[in-house]
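Contents: one structure, followed by commentary.
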Amino acid sequence: MLKLEGVSKRYGDENTGVLAVRDLTFEIGEGEVVTVVGPSGCGKTTILKLMAGLLAPSSGAVTIDGRPLVKPPLEIALVFQDYSASLYPWMRVAENVRFPLDPKRVSSAEATGRVERALESVGLTRFADSYPWQLSGGMQQRVAIARGIAYQPKILLMDEPFGALDAQTRAELEDLVMRVRDEFGVTIVFVTHDIDESVYIADRVLIMGPRPTYVEQELVVGLPHPRDQITSKEDPSFAHLRGIVYRSIRESTQAMASVAKDPER
Amino acid sequence: MVLAVIELAARTELIPSRFLPPPTAVAVRIVAEAAQGRFWLAIVDTLAGWALGLGIAALIAIPAGILIGSSEFVYRATRPIIEFLRPVPSVALIPLVFLLFSPSLEGKVFLAVFAATWPLLVQTQYGIRNVLPLQLDTARSFQISRHRVIFRVLLPSALPYLATGLRIASTVSLILVITGEIVLGAPGIGKAINEAREGAAVELMYGYVLIAGMLGVMLNAVFAGVERRALHWHASQRGTTT
Amino acid sequence: MSGRRIGLVAAEILTPVLLLAAIAIWTNTASSFYFPPLQEIGEAFAENWLFARVASDVLPSLFRLLAGFLTAAVLGVALGVLLGRVAWLRRQASPVIEFLRAVPPPALLPFTIIALGVESPAKIALIAFVCVWPILLGTMDGIAGIDLTQRDTGRSFQIRAMRSLFRVELPAASPQIFAGMRTSLPLAIILMVISEMVGATDGIGYFVVQSQRTFALPDMWSGIILLGILGYLLNLLFSLIEGRVLAWHRGAREQTR
Ligand SMILES: Nc1ncnc2c1ncn2[C@@H]1O[C@H](COP(=O)(O)OP(=O)(O)O)[C@@H](O)[C@H]1O
Ligand SMILES: [Mg+2]
């Protein structure tokens with residue numbers, strides 16, 4: 001449903017600019033959970049912003065259900081890593097979740113219902129009237145996820161959403177993401193640099209190469225559903241897939257280091 | 001304690017009471033004055049000038065600041081003009097005000113507006129330009145309408161700067177209103193001070209100066225209070241509210 | 001991208017030029033008595049300020065302004081250091097200072113006329129009296145808030161009190177001292193102008209009001225423009241000095257980011 005065809009993105013001008021993404025082609029299918037994993041600085045956030053319509057590609061095309069993307073589409077919601085900056089500190093939790101529901105598109109009663117349901121599914125009903133900055137980091141990221149859910153997008157794009165959280169919270173939220181997919185039938189594109197995470201929640205993993213980034217390798221994760229932090233991670237195929245991702249990323253990190261040493265680039 | 005020292009100095013004529021009357025005498029005189037209508041009228045006149053000056057400046061500066069702050073092009077195009085006009089002392093315009101306005105409310109309000117607009121304009125555009133890019137990206141990714149982005153994201157986020165701008169503009173507006181009253185002879189506390197001086201009513205003059213100071217303190221306190229309430233979510237205020 | 005940059009720079013240069021041109025055209029075609037043609041104002045400006053009246057009006061004004069401001073700076077810093085160091089004195093004095101600062105400065109003009117007359121010392125005293133409070137408060141907060149490690153570092157090296165004041169305490173408080181001065185500078189200009197308008201026999205403020213009374217509109221405008229330019233230049237000068245003195249402050253802040 002979401003398709004990138006020959007997409008390149010350059011920041012800055014022709015000579016001095018940075019080419020972040022080069023000739024990228026892949027497709028996200030309906031209902032999939034696709035994780036995008038790659039070394040830091042390779043261009044993952046750039047790809048996500050291209051898919052969200054926040055950035056225009058320098059060349060190539062992004063299409064959603066065949067329509068070219070010219071501005072952020074209603075079908076897509078975004079969850080950023082930096083929850084403390086993407087939640088508005090002057091709005092209460094419920095107001096933050098409700099904010100994207102434009103009164104012109106969603107009736108007031110409908111919006112109230114959606115907010116309640118979204119907060120319930122992330123387990124924050126009790127905190128509807130708190131301010132985000134009164135909550136822990138994990139809870140704040142739940143608010144951001146609830147906001148994404150309440151928007152009822154077809155596709156939820158998440159940019160390293162759990163990067164700043166501790167391991168325990170992170171595991172809880174990973175399970176929450178999979179539950180959200182089952183409950184709301186939403187397609188999820190999930191950027192991470194955590195290798196375990198990229199395999200654990202994915203139907204498919206896109207392993208990205210160093211900048212300018214491209215799809216280095218694509219893995220289909222056949223682990224059975226529902227997944228579980230202990231049993232799924234003990235599965236031999238989990239260890240196998242994890243190893244593949246690990247090796248691939250180590251290679252491209254080394255490639256990047258050698259590029260950095262080479263002044264010609 | 002400081003008051004006691006002054007009282008002593010004045011009573012003993014250490015400082016001639018013609019220059020600095022004893023605080024008790026000033027207090028007695030101003031209490032007597034408060035029984036008269038003109039006392040309250042002067043305060044109302046001054047406050048009306050202050051409020052109009054601040055209000056009109058806000059109506060000009062806030063929308064203009066939003067416009068300038070949200071477009072790099074407009075920002076660059078207006079920057080040299082604003083940077084040049086901002087430090088121009090508004091009192092330089094007093095002769096022009098003499099010519100264009102009668103010695104009434106309009107003249108002093110004009111001065112107040114001219115002076116109060118700049119700090120507010122600069123603070124507003126600064127606040128708008130300092131909105132976190134991620135907060136705007138978030139709004140954009142959710143297709144939030146421009147109108148809602150302005151009122152629910154840009155303005156609240158710029159509110160700390162706006163509050164600072166308003167506080168400065170309020171002080172400036174009061175200063176220029178009283179200047180207008182003294183120099184142009186527009187009715188208000190400033191005119192009362194000047195008349196008391198011309199009538200050699202030293203205690204009364206000091207009384208009105210005190211009243212002007214109290215107005216200043218009061219308006220400062222009001223703004224500090226409003227700021228605390230409006231910015232309770234802001235990091236600088238959180239310690240006091242949660 | 002670079003085309004955009006050229007556009008931005010062009011906008012920055014062109015708008016003031018266009019605005020001036022528009023004013024010139026408007027004042028010439030409207031032939032309003034109050035807004036004489038721009039070139040007449042220009043001629044009046046050259047006639048008055050280059051440099052016929054510099055000695056008779058500009059210098060007295062600048063002298064009052066600078067004398068008042070510098071007096072305020074010296075007194076404000078000295079008293080601020082004292083109050084910043086002595087906590088009980090600070091507690092006693094703070095409410096009085098806060099009150100005096102809140103008094104709208106022009107309200108004090110009649111008082112100085114009574115107490116000190118209309119000569120230059122009266123105007124200088126008025127400017128100093130009004131400008132001293134923000135500087136005093138800034139210095140006081142700055143000194144009182146000095147990082148204890150900074151003060152103790154000074155102590156542990158057995159630095160004498162005077163050297164500690166000039167090498168440690170005043171530099172540490174200098175951002176707040178300058179913030180106070182920045183608040184005071186426009187007040188000084190305002191008071192210089194209005195004190196010359198109300199009772200004086202020379203000065204730019206006097207000249208402007210005199211021109212208005214005799215309906216010499218181009219002269220009046222030339223004086224207003226001169227005051228504008230002076231305000232701009234003083235502000236610029238202050239920023240330059242502040243930038244030099246506080247260079248370490250900015251450097252340190254950027255490093256901790
Ligand atoms: N707005 C921008 N302007 C210029 N360069 C940028 C910008 N955003 C990102 N880049 C550069 O593009 C590259 C990819 O960035 P990003 O997509 O954020 O990587 P990742 O998310 O994988 O860490 C980096 O080298 C970064 O410096
Ligand atoms: Mg990133």
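Quick one: in the range A:62-90, which of the residues that are away from ligand 1 (no atom under 16 Å from the Cβ) and in a strand (DSSP E or B) is surrounded by the most Cβ atoms within 10 Å (Cβ to Cβ)? Filtering the range A:62-90 for residues that are away from ligand 1 (no atom under 16 Å from the Cβ) and in a strand (DSSP E or B), the one surrounded by the most Cβ atoms within 10 Å (Cβ to Cβ) comes out as A:Ala77.
Six or more apart or on different chains, Cβ atoms under 8 Å: show the pairs whose first residue is in the range B:221-235 and more than 12 Å from every other protein chain (Cβ to nearest Cβ) and whose second is among the β-branched types (Val, Ile, Thr). What qualifies is B:Arg228/B:Thr240; B:Arg228/B:Thr241.
Of everything in the range A:38-61, what is outside any strand (DSSP E or B) and among the hydroxyl-bearing types (Ser, Thr, Tyr)? Give them in sequence order. Give the derivation first.
Initially, the range A:38-61 is screened for residues outside any strand (DSSP E or B), giving A:38-58.
Selection gives A:Ser40, A:Thr45, A:Thr46, A:Ser58.
Summed over the range A:186-211, the residues that are away from ligand 2 (no atom under 15 Å from the Cβ) and at pLDDT below 90 give a count of 1.
The rows are residues; the columns are (1) more than 30 Å from B:Ile193 (Cα to Cα); (2) surrounded by fewer than 16 Cβ atoms within 10 Å (Cβ to Cβ).
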| position | (1), (2) |
| --- | --- |
| C:Val9 | yes, yes |
| C:Ala46 | yes, yes |
| C:Ala52 | yes, yes |
| C:Arg64 | no, no |
| C:Leu75 | no, no |
| C:Gly84 | yes, no |
| C:Arg101 | no, no |
| C:Pro110 | no, no |
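In the range A:184-211, the residues that are in a strand (DSSP E or B) form Cβ pairs under 7 Å with partners that are more than 12 Å from ligand 1 (Cβ to nearest atom) and among the small types (Gly, Ala, Ser), at six or more places apart or across chains, as follows: A:Thr187/A:Gly31; A:Thr192/A:Ser198; A:Val205/A:Ser198; A:Ile207/A:Ser248. Whether a residue is buried (at least 24 other Cβ atoms within 10 Å of the Cβ) and either within 16 Å of ligand 1 (Cβ to nearest atom) or modelled with pLDDT of 90 or more (or both) was assessed, and A:Ala164 does not pass this test.
Each row is one residue, and each column tells you yes or no for (1) in contact with a strand residue (DSSP E or B) (Cβ under 7 Å, 6 or more places away or on another chain); (2) assigned to a helix (DSSP H, G or I); (3) under 30 Å from B:Glu72 (Cα atoms); (4) touching a residue at least 60 places away in the same chain (Cβ under 8 Å).
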residue	(1), (2), (3), (4)
B:Ala112	no, yes, yes, yes
B:Gln123	no, yes, yes, no
B:Leu136	no, yes, yes, no
B:Arg140	no, yes, yes, no
B:Leu154	no, yes, yes, yes
B:Ile175	no, yes, no, yes
B:Glu181	no, yes, no, yes
B:Pro187	no, no, no, yes
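Looking across the range A:1-39, the residues that are within 16 Å of ligand 2 (Cβ to nearest atom) and in contact with a helix residue (DSSP H, G or I) (Cβ under 9 Å, 6 or more places away or on another chain) come down to A:Lys9, A:Tyr11, A:Ala20, A:Val21, A:Leu24, A:Thr35, A:Val36, A:Val37, A:Gly38, A:Pro39. Among the conditions (1) free of Cβ contacts under 8 Å to residues at least 40 places away in the same chain; (2) exposed (fewer than 12 other Cβ atoms within 10 Å of the Cβ); (3) within 14 Å of chain B (Cβ to nearest Cβ), C:Ile23 misses just one, which is (2). Checked against (1) touching a helix residue (DSSP H, G or I) at 6+ places or on another chain (Cβ under 9 Å); (2) modelled with pLDDT of 85 or more, C:Leu59 passes all but condition (1). Within the range A:44-51, one or more residues are under 28 Å from A:Tyr200 (Cα atoms), within 16 Å of ligand 2 (Cβ to nearest atom), of a type in the set (Lys, Arg) and free of Cβ contacts under 8 Å to residues at least 24 places away in the same chain.
The values are calculated or read from the model by the stated rules, or taken from the named source; none is laboratory data. A quick note: this is a predicted structure, and the numbers were derived from the prediction, not measured. Cβ sites come from the backbone with ideal geometry, for glycine too, and all protein chains shown count toward neighbours.
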